[in-house]
Structures are given as structure tokens and as C-alpha cells.
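Student: Dropping the structure in here first, questions after.
The values are calculated or read from the model by the stated rules, or taken from the named source; none is laboratory data. Keep in mind the model is a prediction, meaning the values are calculated, not measured. Note that we place each Cβ from the backbone using ideal geometry, even for glycine, and neighbour counts take in every protein chain shown. Each accessible area value is taken on the protein alone, full model and side chains, heavy atoms only, with ligands, DNA and RNA left out. Shrake-Rupley method; radii C 1.70, N 1.55, O 1.52, S 1.80 Å.
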Amino acid sequence: MLLIKNASVYAPDPLGVKDVFLAGGKICAIQDSITPGPGLPVEVIDASGQLLLPGLIDSHVHILGGGGEGGYRTRTPEVKLSDMICGGTTTVVGCIGTDGVTRRMENLIAKAKQLKDEGVSCYIYTGSYDVPVRTFLADIRSDLLFIDEVIGVGEIAIADHRSSQPTFEEFVRIVADARVGGMLSGKGGIVNIHMGDDGQMLDYLERLKAETPLPAYHMLPTHMNRNPRLFQRGIAYAKDGGFVDFTTSSYGCFKDKGEVKPSAALKQMLDAGVSVDHITFSSDGQGSLPVFDESGALASLQAARLDSLYQEMADAVQQENIPLETALRAVTSNSADRLKLSGKGRIQEGCDADLVLVTPDTLDIQTVICLGQVMMRDQELLVKGSFE
């Protein structure tokens, strides 16, 4: 049992100064003042002068590592538990990217179970860039129904020279299978879509919305800030009911191509009249950030960072003057809603005890709690991965 006292709570809406009582990995009570009964073994954290936020949800992480576009030496390493904790991330969704050959569903499932054993929440998408989708069981629906960790499909690559160049009909079938599989399993049934630089952009997504009865909320196109043309088209798409995801890691690597900084992208979309509920951030953590020259040859490559997710949320507050409760939605409650992760992304009674304490002026992360367990306290890591 853990009692957090005197914290200024953002749930993500501001609740004021509260005491928050945790037990059994859940948030059990949020009150103005809580006094534990005599003799109860309750650990107390005095959070006076600190902000209490929901743990971040990262909906796009290469937990097995990514890359390989430049050969075997360019394969990026797997995610470490400390990568998550230091960035305030308590829930990740793992995916396979370009390399669906040496990184397969067996590996992805095992890595997800490892992270869960180490104390955080981890889900996965079935498949990779490849179409037809390479699932673990017979098909998309079976993976959603029978594998606890699978909550959707992805990342499916379109408008990119590394994709399988799926037809529109193949794309529709993937979304349809994800929807039905999600309905039958009670999961989100999300299709996480890698958006490339090709001029096709959102054609398939817009056609699906216009020509089929499939709801747009099953499609989550990511990297929507990768160039100005895609970003501007994304504004119209989101205003018309679609959902968009901005990648926080790549800014700086692709700045010369006009990539929009995620915190600035959030501000511009809000100013354009897009509902904040239709916007999420994800890190692309441990994925590769390859730069190709005009001939298509690999020019350089970097590895994406999980901690960029929190940093861009903080930049939205400190540099773009977006209210904290608004910016938080892009990395907490919106992601929980899109992925249908009940009990995640909010500070309320009955939710999972995934929490982050930060300083109010600099928004520096101080303490991270995952499912009620203190993983970092006063910037000291208390729990590390099995081989760290």
C-alpha cells in the first residue's frame, strides 16, 4: 500500500491538491486528506509542491529494436526497462517495422512478456510492414482473440518505398479484420499505419472513410508530422473525424525535410480547430531513423528514443503555451481511448496505479510508479531490467 500526500493532481484534468491512496496495483481513493488506519503497513510519499500525472502511454515502440536498412550492423537494440522508466512511460505497445523476417511475432510476444514480468504494462500489434500480414496464429482475428497482449495490427506501411505496396482492397481487408477481431475480443482492434513520404499520403484512409462502413477510429496513422504536405493534409483529415499520431523521436533527424516538431504540430492543429481528442504522440522508440539520398541509398541512421515522448509533451507546455491538461491528453487518456485500454491514462479510482511525479516549474520527472510499484524515486532508479 502506498499513500501519496499533498500532490497537485492532473488526471489529466486538474483536480487540485489531493491525497491518493494505492493498493493492489490500483488507485483506491482520491481525497482532500487521507489518514491510514493505525498499524497499516502504508508507505507514504510526501509530494508537496509536485505535480502528479498519469503514467505515459507510448503506442508505437520497437521493443525488439528496429532498423537493418543498412545491413546487420544497423539493427537497433531492444528496449530496456530503464528506457521506459526514465521517460515516465508506464505502458508501451510493441511493434515490428521493416524487418519482419528476423524479428517475428514469437520474439515480440516473448519481449512483451519480459517487460510485463519486469513490472510495466506492455501490449503489441500483430504483423509488421509486410502485407499479407504475418500473424502468429492463423490470421489477424485469431491473434486478437487468443493472444492477450495483441490489441491491433501494425505497423502497416503505406506510401513508403519499404512497404509491400498493398492494394486498397488489401488495406480495407486488414482494417475490417482488425475491427471484427477487436469486437470479438473486446480489444481496440487498431491498425497502426506507418505513413511514408510518397505522394499517396492519406489516399487509402480517406477512401476507406468515404467508401466503406468501417469507422475511422480503427486507423491510427503515425509519423503524420514527417513533412509539411502530409501534416497539412492531416489537419483536414482530423477535422473530418480521423485520428492522427505525431512521432516525437525523429524531429532533428529530418528537420531539413520540413518535419514539424510534434509540440508545434499540436499547437497548429489545435489552432486550426482540430479536437485534441483526435491527436496522440508516440515515440517510435528504438526504431531506426534512416535518411536516404535521392538515389534511394541509405545516407545515415539514428535510433529513436522513448524519452522524447515526455520531452515533447513538456515542450508543448513550456514552448507552445498549451495547458498541461491539454498536452497530457496526447500521451495519456487519448492513447488509452484509441487503444481501448481501460484503466490506463487517467488518475481516478479503480484505474491502474501508473503515476509520475514532476516538478511544477521545469516539469522534471522525479518519481515513477508502475502498477503501484515505485520504480524511480527522487530521480533514483530503484528497479532495473533483468540484465541491466
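Student: Can you give the accessible area of MET1 in Å² (nearest 10), computed on protein heavy atoms with a 1.4 Å probe?
Tutor: 90 Å²
Student: Here's something else I'd like to know. Quick one, can you get me the convex hull of the C-alpha atoms of segment 15-122 expressed as volume per residue in Å³?
Tutor: Here the figure is 134 Å³ per residue.
Student: For segment 107-240, what mean projected area does the convex hull of the alpha carbons give, in nm²?
Tutor: Over all viewing directions, segment 107-240 projects a mean Cα-hull area of 8.5 nm².
Student: Taking only C-alpha pairs under 8 Å that are 6+ residues apart, what is the relative contact order of segment 1-145 in percent?
Tutor: Worked out over segment 1-145, it gives 17 percent.
Student: Roughly how many whole Å is it from the C-alpha centroid of segment 42-93 to that of segment 299-348?
Tutor: Each part reduced to its Cα centre gives a spacing of 12 Å.
Student: Now for a separate question. Based solely on its DSSP helices, what 222 nm [θ] is calculated for the chain when runs of n ≥ 4 H residues each add -39,500 (n - 2.57) and the sum is averaged over all residues, nearest 500 deg cm²/dmol?
Tutor: -7500 deg cm²/dmol
Student: Right, another one. Over the chain, with a Gaussian network built from C-alpha contacts below 10 Å, which listed residue (LEU15, LEU144, LEU64) shows the highest mean-square fluctuation?
Tutor: Ranking LEU15, LEU144, LEU64 by mean-square fluctuation puts LEU15 first.
Student: Any idea what angle helix 105-117 forms with the longest principal axis of the chain, computed on alpha-carbon atoms, 0 to 90 degrees, nearest 10?
Tutor: Between helix and principal axis, roughly 10 degrees.
Student: Along the charge dipole of segment 19-133, Cβ charges K/R +1 and D/E -1, which of VAL44, GLN114, GLY88 sits furthest on the positive end?
Tutor: Towards the positive end, the residue furthest out is GLN114.
Student: In percent, how large is the relative contact order of segment 37-89, given Cα pairs closer than 8 Å and 6 or more residues apart?
Tutor: 30 percent
Student: Can you list residues whose amide H is under 5 Å from ILE63's amide H, if they're 5+ apart or on another chain and H is modeled 1.01 Å from N?
Tutor: Long-range HN contacts for ILE63: CYS95.
Student: How big, on average over all directions, is the shadow cast by the Cα convex hull of segment 286-367, in nm²?
Tutor: With the hull built on Cα positions only, its mean projection is 7.9 nm².
Student: Moving on to the next point. Out of every Cα-Cα pair in segment 234-388, what percent are more than 22 Å apart?
Tutor: 50 percent
Student: I want the local charge near PHE281. Using Cβ-Cβ distances under 11 Å, sum +1 for each Lys or Arg and -1 for each Asp or Glu among the other residues.
Tutor: After counting each charged neighbour, the total is -4.
Student: Same structure again: How tilted is helix 168-185 with respect to the longest principal axis of the chain? Cα atoms for both, answer in degrees (0 to 90, nearest 10).
Tutor: 30 degrees
Student: For helix 228-239, report the angle its Cα long axis makes with the longest principal axis of the Cα atoms of the chain; keep it between 0 and 90° and round to the nearest 10°.
Tutor: Approximately 70 degrees, to the nearest 10.
Student: Could you tell me what fraction of 2.2 N^0.38 Å the Cα radius of gyration of the chain comes to, as a two-decimal ratio?
Tutor: After normalising by residue count via 2.2 N^0.38 Å, the value is 0.95.
Student: Carbon and sulfur: what percent of the chain's accessible surface (1.4 Å probe)?
Tutor: Using a 1.4 Å probe with all protein chains present, the chain comes out at 48 percent carbon and sulfur.
Student: With every protein chain left in place, what is the accessible area per residue of the chain in square angstrom, probe 1.4 Å?
Tutor: Per residue, the chain has an accessible area of 38 Å².
Student: Using a 10 angstrom cutoff on alpha carbons, build the Gaussian network for the chain and name the most mobile of LYS257, LYS18, LYS116.
Tutor: Result for the chain, Cα springs under 10 Å: LYS257 fluctuates most.
Student: Next up: Compute the normalised compactness of segment 94-154: alpha-carbon radius of gyration over 2.2 N^0.38 Å, N being the residue count.
Tutor: This ratio for segment 94-154 stands at 1.04.
Student: Straight-line reach only, C-alpha to C-alpha below 20 angstrom: list the aspartates and glutamates that LYS239 could link to, leaving out same-chain residues fewer than 8 apart.
Tutor: Once the sequence-local aspartates and glutamates are set aside, what remains near LYS239 is ASP203, GLU206, GLU211, ASP271, ASP277, ASP337.
Student: Using the crude model of +1 on Lys and Arg Cβ and -1 on Asp and Glu Cβ, and no other charge, please compute the dipole size for segment 48-153 relative to its Cα centre, in debye to 20.
Tutor: 160 debye
Student: Each residue of segment 136-146 in turn: what ³J(HN,Hα) in whole Hz from Karplus with 6.51, -1.76, 1.60 and θ = phi - 60°, glycine and Pro shown as x?
Tutor: Those phi angles translate into 7, 8, 5, 6, 4, 4, 5, 4, 5, 6, 10 Hz.
Student: On to the next question. In percent, what relative contact order does segment 278-387 have, based on Cα pairs under 8 Å that are 6 or more apart in sequence?
Tutor: Relative contact order of segment 278-387: 14 percent.
Student: Can I ask one more? Give, rounded to the nearest 20 debye, the magnitude of the charge dipole that the chain has about its Cα centre when Lys and Arg contribute +1 at Cβ and Asp and Glu contribute -1 at Cβ.
Tutor: For this selection, approximately 440 debye.
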